[in-house]
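First comes the structure, then the notes that go with it.
FYI, it's all coordinate maths here, none of it is from the lab. None of the values given here were measured: they were computed from a predicted structure. FYI the Cβ positions are ideal-geometry reconstructions off the backbone, even for glycines, and counts take in every protein chain you see.
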Amino acid sequence: MRTVHTDLPATRRLILRGAGAIALTGLGIMSFGIAPVFAAANDKYPDDAFKQKGAADAIKSLYGRTAEPSDKVKLDAPEIAENGAVVPISVTTTLADVTSIAFLASENPNALAAVYRIPPGTLPNVANRLKMAKTCDVIVIVEAGGKLYSATKEVKVTVGGCGG
Amino acid sequence: MRRHRMTIRRRDLLKLAGAAALAGGAPRLARSADNSGVYDLERFGNARILHMTDTHAQLLPGYFREPSVNLGLGTMQGQPPHLVGRAFLDRFGIKPDSADAYAFTSLDFEKSAARFGKLGGFAHLKTLIDRLRNDVGPGRSLLLDGGDLWQGTGLANIMQGAHMVEAANLLGIEAMTGHWEFTYGEDALRRNLERFKGEFLAQNVYLTDEAAFNDAKAFDPATKRVFKPSMIKEIGGHRIAVIGQAFPYVPIAHPKRFTPDWTFGIRDEELQKLVDGLRNNDKVDAVVLLSHNGMDVDLKLASRVRGIDVILGGHTHDAVPQPVPVTNAGGITLVTNAGSNGKFLGVLDLEVARGRVSNVRYRLLPVFSELLKPDAAMAALIEKTRAPQAAVYAEKIATADRLLYRRDNFNGTVDQLICDGLRTQLEAEIALSPGFRWGSSFLPGQPLTMEDVLAETAITYPETYVQRMTGTQIKDALEDVCDNLFNPDPYHQQGGDMVRVGGFIYTCTPAEGIGRRISDLKLGNGRAIEAGKTYKVAGWASVNEQKGIPVWDVLARHLGGGKPPDGRNTGVTLRGVDGNPGIAG
């Protein structure tokens, strides 16, 4: 959400504001991890994937295969979280035919944080906030054209203080 | 510290200092304002940018000892700014025992302080700045401040930096960015900026989503940038862009309650777009980043962002005499850092051609107050500003019985006193004190006043605390701060030094990862600190709101009590850093 620039149409800004309030359904921009339940209304809720401890197991449970890193997946996350309880993480991608986007925090008790189903014709841009237990990799998986792509960034979670 | 009210007056101290200098055979008497040829700079280029940073509101000349420990690890080992002592002199070709050696290193600090005197002071800085600007003529120079201008003294704290805005205006600062400025909160910051005649630039401060939704004030609601990100100044017929980069971790290093509506970060992608826009759309001839990132962060940033000619850096208080060239996909970016406390003035002379900088000369000039005649207008402003508090601040509390300083990765004698004070005044077994890099130095025999106590402690969250912590929590706190200092990725460093401790000793292995750097925690009585046992811990400068008495009162009471420093319970054993030129031998 922070990478919004003036060249974007005004409507996009309004949408983003909506996302800040709670969520606009059907636009693929939703908050707080409750949204996937609604977005995936036609699919079975990925109960098993959310119960997995590690990131690899969660991805395997969710998709049944592994992802390859792609520079077409732009992950925006802070270097150091200002508040580990609400870390703003967003992703945009230029990949075509995106069908889902998943967010994982590798060291959280359950790594999978959110999965978004992206209906056809929707901009594949998702911004949300993750609660992070400690410093770890944030992994985003984009499912596009039946393949899996990923981007990873380490986000530091610190108790803070003692700055020069 | 001895309780000391009468025996040594200030005049006596000056005499003693003079005597020491004569004993050393130094030509101190020859140093005077008439002998300031050292500031006659050869003319070069067509645009002069003067850079000051991290003065920490030190209006008067003072002593500031540079670090004897400033470790760099991995690829940063032995690289500027991680050089101290002899290694520093060798690297930059500075003569031992010279005035420059005194200004830039901690070598023979006490002896040299007596020879070369105090540095900085805004009246002296004003004289130097005016002279360097007059040398190049009108319209050919620019004066920039890198932030931490409004904080660092008792006066700054009660004035919330307002008097520093007056000083900045008189000095002629044309643009600044910020760090501690933010700790006065948005209202005070905006009040000050209304009166500031220059620009406050920060490309990396944005409204939070909630604040944006509630239409909080922003320079540009579309991008959510809170402040103007950059300005363009025409110098000598060329267009020079200055971009501001505020300290990226304000809400992490300080209580978030001061800046609830704002979110920070390094934001190098946004910075790249800004640079590209200035180059491609605004057709500027040069781009300068006025940065409060800290030098290691700036060095990494320079390797990633294209199109910046020079980064004028601060925050880490590194006095680096020569710029470090960094290669990136767009060419070369020079990275500087200009020290602290008003000790130095950076002079960047650029030869600007159409669309590019063809040549550069940089100097970091020590501001020797004895070589500069104080500017009368600035001296009058300083006196007027200080007058209401002068009597209170002049009260002598004690006399320094040793060199007092703070700047070092692990220890500082000032912090040892603060830790002693916290433990004795608040009756705690253990004390923790932040590793700030600001704070004046004092020579043995120098009287200490309330103003001096405040110069080590004046922040907007000075409240002390006493709490029970388990051995595990104490170790984790140390690990967390140590990672801010030694994380191999500079973007994961916040600046500042290691938290200071009292009541126990420990071993630190800086090259390890988080969770493995801190070991062998032992109380003063030699007993190991146990993971599951709880200890009574006193501290200050917590990012969580606290209610205890301000730390300056704790320190003043402790100094006034005349207890000698407790040297038994301090000390950090360093492992794996043998031969590192970031430790003075």
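In order along the stretch B:475-492, the phi-based Karplus estimate (6.51 cos²θ - 1.76 cosθ + 1.60, θ = phi - 60°) of 3J(HN,Hα) comes to 4, 4, 4, 5, 4, 4, 5, 4, 5, 5, 8, 10, 4, x, 8, x, 5, 9 Hz; Gly and Pro are listed as x. Extending 7 Å from Cα along the Cβ direction at residue B:75 and again at residue B:283 yields two label points whose distance is 3.8 nm. Counted by neighbouring Cβ atoms within 10 Å, the residues B:553, B:215, B:483 run from fewest to most as B:215, B:553, B:483.
Using the Cβ-Cβ distance between residue B:273 and residue B:213 with R0 set to 25 Å, the FRET efficiency works out to roughly 0.60.
Each label point was placed 7 Å from the Cα along the Cα-to-Cβ direction; for residue B:489 and residue B:306 their separation is 2.3 nm. Shielding by partners for peptide A:75-84, expressed as the average number of C-beta atoms from other protein chains within 10 Å of each residue's C-beta, is 6.
Considering only DSSP beta bridges with both partners in the protein assembly as shown, what is the antiparallel share in %, to the nearest 5?
75
Fully extending the segment from residue B:86 to residue B:380, taken as 0.36 nm per residue of separation minus the present Cα-Cα distance, adds 101.8 nm.
Can you give the mean number of other chain Cβ atoms that lie within 10 Å of the Cβ atoms in peptide B:208-214?
5
Given a Förster radius of 41 Å and the C-beta distance between residue A:60 and residue B:519 as r, what FRET efficiency does 1/(1 + (r/R0)^6) yield to the nearest 0.05? Here the calculated transfer efficiency is 0.65.
Listed by chain and number, the aspartates and glutamates whose alpha-carbon sits under 18 Å from that of residue A:131, ignoring those within fewer than 8 places in the same chain, are A:76, A:79, A:82, A:107, A:154, B:209, B:210. When only alpha carbons are used to place a centre, the stretch A:85-159 and the stretch B:53-120 end up 46 Å from one another. Between amide H atoms placed 1.01 Å from N, distances below 5 Å from residue B:353 occur with B:358, all of them 5 or more places distant or on a separate chain. Shown is the FRET efficiency for residue B:134 and residue B:476, computed with R0 = 45 Å from the Cβ-Cβ distance and rounded to the nearest 0.05: 0.25. Taken residue by residue and averaged, Cβ atoms of other chains lying within 10 Å of the Cβ of A:61-69 number 0. Rg ratio for the stretch B:393-543: its Cα radius of gyration over 2.2 N^0.38 Å, N being its residue count, equals 1.07. Less than 5 angstrom separates the built amide H of residue B:203 from those of B:244, B:245, B:246, all sequence-distant by 5 or more or on a different chain.
Can you tell me the length gained on complete extension of the stretch residue B:234 to residue B:108, counting 0.36 nm per residue apart and subtracting the Cα distance?
That works out to 40.9 nm of additional length.
Judged by the mean number of other Cβ atoms found within 10 Å, the most tightly packed of the peptides B:198-207, B:168-177, B:543-552 leads the ranking B:198-207, B:168-177, B:543-552. What is the distance, in nm, between label points placed 7 Å from the Cα along the Cα-to-Cβ direction at residue B:40 and at residue A:44? Once both label points are built, they end up 8.8 nm from each other.
For the stretch B:145-151, putting each phi into the Karplus relation 6.51 cos²θ - 1.76 cosθ + 1.60 with θ = phi - 60° gives couplings of 10, x, x, 6, 8, 9, 10 Hz, in residue order, rounded to whole numbers and with x for Gly and Pro. What the pair-distance distribution of the protein assembly as shown shows, using all Cα-Cα distances binned every 10 Å from zero, is 3, 14, 23, 25, 19, 10, 4, 1, 0 percent. Excluding same-chain neighbours fewer than eight residues apart, the lysines reachable from residue B:300 by a Cα-Cα span under 21 Å are A:74, A:153, A:156, B:273. Extension gain, residue B:534 to residue B:387, is 48.2 nm, computed as 0.36 nm per intervening residue step minus the present C-alpha separation.
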